[in-house]
1. Quantify, in whole percent, the carbon and sulfur part of the accessible surface of the stretch 282-347 (1.4 Å probe; protein heavy atoms only).
2. Over 10 Å intervals from 0, what percent of Cα-Cα pairs in the stretch 308-420 sits in each interval?
3. Given 37 °C and 0.692 mPa s, compute D for the stretch 219-300 with the Stokes-Einstein relation, Rh being the Kirkwood radius over Cα pairs; round to the nearest whole µm²/s.
4. Any number yet on Rg/Rh for the chain, C-alpha, Kirkwood?
5. Grab the DSSP H runs of the chain that are 4 residues or longer, score each as -39,500 (n - 2.57), total them, divide by all residues and round the 222 nm result to the nearest 500 deg cm²/dmol.
6. In whole percent, how big is the carbon plus sulfur part of the accessible area of the stretch 15-135, probe 1.4 Å, protein atoms only?
7. For labels at Gln282 and Ser227 in the simple 7 Å Cα→Cβ model, what's the distance in nm?
8. Where the accessible area of the stretch 144-215 is counted over protein heavy atoms with a 1.4 Å probe, how much of it, in %, is carbon and sulfur?
Amino acid sequence: MSLLNPVLLPPKVKAYLSQGERFIKWDDETTIASPVILRVDPKGYYLYWTYQSKEMEFLDITNIRDTRFGKFAKIPKSQKLRDVFNMDFPDNNFLLKTLTVVSGPDMVDLTFHNFVSYKENVGKSWAEDVLALVKHPLTANASRSTFLDKILVKLKMQLNPEGKIPVKNFFQMFPADRKRVEAALSACHLPKGKNDAINPEDFPESVYKSFLMSLCPRPEIDEIFTSYHAKAKPYMTKEHLTKFINQKQRDPRLNSLLFPLARPDQVRGLIDKYEPSGINVQRGQLSPEGMVWFLCGPENSVLAQDKLLLHQDMTQPLNHYFINSSHNTYLTAGQFSGLSSAEMYRQVLLAGCRCVELDCWKGKPPDEEPIITHGFTMTTDIYFKEAIEAIAESAFKTSPYPVILSFENHVDYHVDSPRQQAKMAEYCRMTFGEMLLTEPLEKFPLKPGIPLPSPEDLRGKILIKNKKNQFSVPATPSKEPGGSAENNCPPRASVGEDPVWAGEDGAEPEEEEVEEEEEESGNLDEEELKKMQSDEGTAGLEVTAYEEMSSLVNYIQPTKFISFEFSAQKNRSYVISSFTELKAYDLLSKASVQFVDYNKRQMSRIYPKGTRMDSSNYMPQMFWNAGCQMVALNFQTMDLPMQQNMALFEFNGQSGYLLKHEFMRRPDKQFNPFSVDRIDVVVATTLSITVISGQFLS
């Protein structure tokens, strides 16, 4: 039982959305443009459009992933449609009338619904207000009763020409067992023939609820009811229901001051709200049906609804948060073959991800535009510029907090490599503009011992994670910020099997950079090709950053991990290391407390091992338990680990940042993720779940 009074109220639908607006719906494949009226129902369940033939199409708001207008909406390619919209005439103002709605069951299988308004700037308000309904926390986390109500709303909107509900629509809505649907309709004295139709006035909410009770009887709830109700009486009084709520629905370990017990006068309000029989309501009694509807209501949400809203302190250093992170973001399928897509950057950012990955390579002649692809595989390429534009468009639609671009830079050692890197840096500066953080903030200089700025300090900013160059500093190990040998690792040094330098005790590596760089060429030797198929994938083959890209790097400077002792001694919050899941597991099993302490000071990024060619994911919880901030997953694969990631980051307003527990942040606390006893005041508990029943499972 979350609370007697639900915290979140359903979204409010603006009047103009329900009244509707005239648009032309177009489709590039069929080259058809059809006038429609676009509307949202008053409860905000569906976006739907009606053709001139009175035929309707529905889009469930929970299936909408994005809305776009202006230059970000789809533009017709076929000449026939371009002529319809006078697009090739000067001053046609077409971009002021566009609206695209993107929907789909996941991030890869998408449908684009394209509309053009008759008036200018209509698409903009529709796009913003429909997306606000989509992003409302209750849209995806509504109570059971809301989902049942959605079915009723749709049944009552899909009327035949006589204004009645066709009975065949019931069979489509509840397809599992036609005989049971017929029996339930008969029990409500409604017609049941497939060619029959029902008058909407004969099907109010009360009749719909009786229909559902006949369709899905709930003997398992009657059993619970019987154990709490007035003996030999078919109802509960407010005292019985109060006892049920306080004893059965409430966790006895809760603090009674913070979570007070229900009082009979409050419970009386629940009987008024959920009991279908007017006579029972007058007597203050709850029937078994009333009990079913109470259990379906928001008061019994499985979630603590207030936690769905932004409620955490966002002013702590960046490394004190778990950060929603994606691996090889551009891929839509496997790691070895399949399509790459700039759209994936939009989709993961819209889903609340805050760290995306870009694998950059030199493009093909003649223009040699930098590309993004998974090197040495059969995956397709996309232009670097397209990915940057997609990121700029979607970076802050779901969350206002900083986005981190994790570059894996393979623009290799050709004579023109600095030119390629300069081109990439220029695209970042031009496309991101003010959003790009190019200099450290005054209060947070890049010096040892200084903490990182907070998500609030970096609100609306894009940060670049890319190798930081030390061309401007002496070649010997330096104590300048970002200038130590920890960052100056030679390109070839990262190709060896073991990511830990010789001399685990933190001795600084020998300086051997100059000769290494000269003999490096664009070709891969056998050693490197083996590396490609190994655990680290292409991550070990990055090149030195040239000045242009390097100058964009500040708070997130990647470096080769040497040892926990070495990092503690250096004490630099802005230095980050990446580990494959295997390396991270190895460190976690050998030095779990040190790993937690490392994450209190600076950031770590975990990514899937290179052998996960099917883009499967590892379970992220183990690395969250060690305080690792960026636990990067393959967002295109909705397996159990990805579902766990999506569920966790649904909280705190889908901001993509979740504050870690204080024993993972405070230097004076010690936390071992493998300990099973109490941690400070937190007692380890086991949660057991009994599934009573389930209906309407997809």
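The values are calculated or read from the model by the stated rules, or taken from the named source; none is laboratory data. Quick caveat: nothing in here was measured; it's all calculated off a predicted structure. A quick note on method: Cβ atoms are made from the backbone with ideal geometry, for glycine too, and the neighbour counts reach across all protein chains shown. Surface areas here come from the heavy atoms of the whole protein model, side chains and all, with no ligands, DNA or RNA. Shrake-Rupley method; radii C 1.70, N 1.55, O 1.52, S 1.80 Å.
1. 56 percent
2. Using 10 Å bins, I get a P(r) of 13, 41, 29, 13, 3, 0 for the stretch 308-420.
3. Answer, rounded: 253 µm²/s.
4. Here the Rg-to-Rh quotient is 1.02.
5. Using -39500 (n - 2.57) per qualifying helix, the result is -8000 deg cm²/dmol.
6. 51 percent
7. Computed distance between label sites Gln282 and Ser227 equals 3.4 nm.
8. 51 percent
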